[in-house]
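Chemist: Could you have a look at this structure, given as structure tokens, before my questions?
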Amino acid sequence: MVRDLRLKIIGRRILDVWTDWPKYFKPHYSLATFKKHVLRKKIEGVERRGKNILIHLSDKHLLLIHLKMTGHPLVGKWQIANRKWIPVSKSKLMADPKNGFIRLILFLDGPKNSNMLALSDLRRFAKVLCGPKEEIFNLPDLKGLGPEALVINFREFSDRFEGKRGKIKQVLMDQSFVVGIGNIYSDEVLYKAKIHPASRVEKLKEKHLKAIFKAMREILNKGIKFRGTSSDDFRDTAGKKGEYGKVILVYQKTGQKCPKKHIIQRMKIGGRSAHFCSKCQELIS
């Protein structure tokens, strides 16, 4: 998403804001305060921290969009019809129902066929904030995050397990531990590393941590190459599905065969589903 946005919105100015869900800005801001922070500001950069999209604005302001479960940004053009935003483009991608829950629009200058940055968000769980950079960077949304999974080196990764307890799947998904691994990729990483998701982290040896670290980098880079996993709501900024699902190893494949031809099983860990192969993945407890 961020790579797409860098190509599409950097250098453009925010002219207006529309939303039907002003709760996005609370408890920190009202819609009026949000507009005061963003209107007439130029977009100077876009980066990512965890699941937060960070848009750097002129006057040292930062626009944060936390996508939560169902949010994704779209760049294009829409018009109102029957009190609903309808894409002007005839592209089948934008007509995908998952792209039709437009809750927020930033109107931009520049090319008229792409002068809107919209947020489609089925469940309205996203968060949108804007303020001075130092203020935004000090919010819990960013301050409590661990290191990025594709930035950390093995020694730093290994050190973070010191004194840790619990099941490995839950630990990997803890964004204060390491950022970038959610439910889908935790299953994929642990299958690749040949470690059962219920394995106890306090029992893992260095060889296990090396296997997890190597699998983590491989799976996440593969996920980026295939532009994400659209098992449900995820779409890119053009409204297109990610294609990692075409090469997925175990996630949501209960009862099917793993790459080694064994049956994939499912269990609950910390309230989340874990998909695994008991033949290929060692339970360390």
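The values are calculated or read from the model by the stated rules, or taken from the named source; none is laboratory data. All of these numbers come straight from a predicted model, not from anything done at the bench. Using ideal geometry, Cβ is built from the backbone for each residue, glycine included, and neighbour counts are taken over all protein chains shown.
Chemist: Starting from residues that are crowded, with 16+ Cβ neighbours inside 10 Å and assigned to a loop (DSSP other than H, G, I, E, B), keep the ones in the stretch 102-123 and report whichever is farthest from the chain's Cα centre (by Cα).
Modeler: N115
Chemist: Would you check which residues across the stretch 55-101 are in contact (Cβ under 8 Å) with a residue 24 or more places away in the chain, farther than 16 Å from L119 by Cβ, part of a strand (DSSP E or B) and among the aliphatic types (A, V, I, L, M) and list them?
Modeler: Across the stretch 55-101, the qualifying residues are L57, L62.
Chemist: If you take the residues in the stretch 227-280 that are out of contact with any strand residue (DSSP E or B) (no Cβ under 8 Å at 6 or more places or on another chain) and of a type in the set (D, E), which one is nearest to R3 (Cα to Cα)?
Modeler: The selected residue is E243.
Chemist: Does V38 qualify as being in the same structural domain as F137 (by TED's automatic domain parsing) and either free of Cβ contacts under 8 Å to residues at least 40 places away in the same chain or touching a helix residue (DSSP H, G or I) at 6+ places or on another chain (Cβ under 8 Å) (or both)?
Modeler: no
Chemist: I've got another one for you. Listed residues D174, D187; which is of a type in the set (D, E), crowded, with 20+ Cβ neighbours inside 10 Å and on the phi < 0 side of the Ramachandran plot?
Modeler: None of the other options fit; the residue is D187.
Chemist: Do we find that L62 is more than 23 Å from F101 (Cβ to Cβ) and over 17 Å from the mean Cα position of the chain (by Cα) in this structure?
Modeler: So L62 passes the test.
Chemist: Out of the residues in the stretch 174-201 that are in a helix (DSSP H, G or I) and hydroxyl-bearing (S, T, Y), state the one that is farthest from I53 (Cα to Cα).
Modeler: Y191
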